[in-house]
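K.L.:
Next up is a structure, given as structure tokens.
The values are calculated or read from the model by the stated rules, or taken from the named source; none is laboratory data. The structure presented is a predicted model; accordingly, all values stated were derived computationally and were not measured. Cβ placement follows ideal geometry from the backbone for every residue including glycine, while neighbour counts extend to all protein chains displayed. We work out accessible area using only protein heavy atoms, side chains counted, and drop any ligands, DNA or RNA first. Shrake-Rupley method; radii C 1.70, N 1.55, O 1.52, S 1.80 Å.
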Amino acid sequence: MNRRDTIKTLFVGGIGSSLVLTSCMQEQETPIAELKEGTIENYGRTPAEAARDEYLVSKNFFTDDELQTIAILSDIIIPADDTSGSATEAEVPAFIEFISKDMPEHQTPLRGGIMWLNHESNRRFNKVFNALDEDSQLSIIDDIAYPEEVKPELQQGANFFSRIRNLVTTGYFTSKIGIEYLGYKGNIPNAWDGVPQDVLDEHNMKYDDRMLKTSIKMEERGEIMDWSNYKV
């Protein structure tokens, strides 16, 4: 089972989703929005909430280099595969940028973690993390990705990676790409158009014509009732 399948299994099982969301959201509920090129579209927010979202989107917290680091880490955690896009394709870095402004308690740990990552990269390879080749990047990540096996001197890096891994998985599996990957269909209304004709014929039965005229018509199921002229 690869990394993506493992994470998917956790979310489908419900264990990972509650753990990850709780870990990231702590005591505050987080709006799950689809962020597209710095704009907030209608998604059930009040005007005051929408105005706050627009304000947060208009501000930048991370530098371009920091966002590049977040993008690299995002795709290490959830790379693309044959069936679905990567974390960056799901706009996870934009999600983390937004959440860091919406929940400022993430700012210092994330920025500090990126600084730790660059310090560790310089110590090992005399380069910042973004300038390393993929193998060198993974050699650092492999040392901090498994909390129970981390050496004491790398604990700060492990704490940072656990936090950003939670944010990446939360951002990915609340995105359109992630939800499609999970196969989640949401609440879909059932459609029943009566007993099949062959079964009716077998039992020598048929529907009453009057009932058929007053029953729900399948072609009208998607229409919304207009009550504007209704009077009691």
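K.L.:
Within 10 Å of each candidate Cβ there may be at most 13 other Cβ atoms; applying that plus a DSSP loop requirement, which trypsin sites (Lys or Arg not before Pro) in the stretch 52-117 survive? Before the final figure, lay out each step's value.
P.N.:
Values: sites: Arg52, Lys59, Lys101, Arg111; in loops: Lys59.
Answer by residue number: Lys59.
K.L.:
What do you get for Rg/Rh of the stretch 40-179 when both radii come from the Cα atoms and Rh is the Kirkwood radius?
P.N.:
Working: Rg = 15.9 Å, Rh = 16.0 Å.
On the Cα set of the stretch 40-179, Rg over Rh gives 1.00.
K.L.:
Rounded to whole Hz and in sequence order, give me ³J(HN,Hα) for the stretch 160-166 from the Karplus expression 6.51 cos²θ - 1.76 cosθ + 1.60, θ = phi - 60°, writing x for Gly and Pro.
P.N.:
For the stretch 160-166, the Karplus-derived couplings read 5, 5, 4, 5, 6, 5, 4 Hz, x marking Gly and Pro.
K.L.:
Determine the distance separating the Cα centre of the stretch 123-178 from the Cα centre of the stretch 213-231; give it in Å without decimals.
P.N.:
Result: 54 Å between the Cα centres.
K.L.:
At a probe radius of 1.4 Å, what is the per-residue accessible area of His203, in Å² to the nearest 10?
P.N.:
110
K.L.:
May I pose another question? Excluding ligands and nucleic acids, what accessible area in Å² is computed for Thr108 using a 1.4 Å probe, to the nearest 10?
P.N.:
For Thr108, solvent-accessible area is about 110 Å².
K.L.:
Also, quick follow-up: Could you order peptides 158-165, 120-127, 208-215, 92-99 by the average number of other Cβ atoms within 10 Å of their residues, highest first? Don't skip to the answer; put the middle values down first.
P.N.:
Values: 158-165: 19.6, 120-127: 13.9, 208-215: 9.0, 92-99: 24.5.
Put in order of decreasing packing, that is 92-99, 158-165, 120-127, 208-215.
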